[in-house]
1. If we scan the stretch 194-208, do we find a residue that is crowded, with 16+ Cβ neighbours inside 10 Å, in contact with a strand residue (DSSP E or B) (Cβ under 6 Å, 6 or more places away or on another chain) and outside any helix (DSSP H, G or I)?
2. What is the one condition in (1) under 30 Å from residue 188 (Cβ atoms); (2) surrounded by fewer than 13 Cβ atoms within 10 Å (Cβ to Cβ) that residue 77 does not satisfy?
3. Would you call residue 177 outside any helix (DSSP H, G or I) and in contact with a helix residue (DSSP H, G or I) (Cβ under 6 Å, 6 or more places away or on another chain)?
4. May I ask you to say which residue of 182, 158 is surrounded by 22 or more Cβ atoms within 10 Å (Cβ to Cβ), in contact with a strand residue (DSSP E or B) (Cβ under 9 Å, 6 or more places away or on another chain) and either part of a helix (DSSP H, G or I) or touching a residue at least 12 places away in the same chain (Cβ under 8 Å) (or both)?
5. Mind listing whichever residues of the stretch 108-141 are in a loop (DSSP other than H, G, I, E, B) and in contact (Cβ under 8 Å) with a residue 60 or more places away in the chain?
6. Pairs under 7 Å by beta carbon, first residue over 14 Å from residue 84 (Cα atoms) in the stretch 35-59, partner modelled with pLDDT of 55 or more and part of a helix (DSSP H, G or I), six or more apart or different chains?
7. Checking residue 189 against (1) closer than 17 Å to residue 131 by Cβ; (2) touching a residue at least 24 places away in the same chain (Cβ under 8 Å); (3) outside any helix (DSSP H, G or I): exactly one of these is not met. Which one?
8. Hey, can you tell me all the residues within the stretch 78-107 that are assigned to a helix (DSSP H, G or I) and either in contact (Cβ under 8 Å) with a residue 12 or more places away in the chain or closer than 17 Å to residue 169 by Cβ (or both)?
């Protein structure tokens, strides 16, 4: 998501000094009764547009997957939950509900950030676009682990794969040429077309892997 990237991209929401000063000056100019609703709206709007784009693109990728997979799994609730968790998360929610240093707020952030961006929560903004979270590794591992018992977990992991696929591809199409894929912070990083290629290839391979698995499971059920 571009509003949280390093390099020449806009800084992470809640991390911008300029944005913070501007928000404070705006809040000071409104009546006290309106400050809290306005604060929530300004906080939410920092990520709303990026999250909305991820959600729309995720819906498009899910629609394409529906056309090519010909299975009923993708119409299940668990699949949709996995899709949302990894594509856009609950982007329409305010980014904070309590003090930003509160443990409650930190756990709440996992609803607000999609799976790929949990690297921000776990390691900090300098590790954003960590190669593990911004690749096919986590969804593929989870899907492989639940293959032996197709059901709710299986459908959730298929949705996780498709959502992550859409997230990575959209990041590849929209991110700055200066935004890195981080292997070791400030030591091993790739940028430019290499970083875009990493995101695009991982996203496309993840889509193909999910399609292959669903076809295999669908055929095995018919036999």
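1. no
2. With respect to (1) under 30 Å from residue 188 (Cβ atoms); (2) surrounded by fewer than 13 Cβ atoms within 10 Å (Cβ to Cβ), residue 77 is out only on (1).
3. Yes; evaluated as a whole, the condition is true for this residue.
4. Criteria check complete, one pass: 182.
5. Selection gives 114, 128, 129, 131, 134, 135, 136.
6. none
7. Against the list (1) closer than 17 Å to residue 131 by Cβ; (2) touching a residue at least 24 places away in the same chain (Cβ under 8 Å); (3) outside any helix (DSSP H, G or I), residue 189 comes up short only on (2).
8. 78, 79, 80, 81, 82, 83, 84, 85, 86, 87, 106
The values are calculated or read from the model by the stated rules, or taken from the named source; none is laboratory data. Values in this document were obtained by computation on a predicted structure and should not be read as measured data. Cβ: placed from backbone, ideal geometry, glycine included. Neighbour counts: every protein chain shown.
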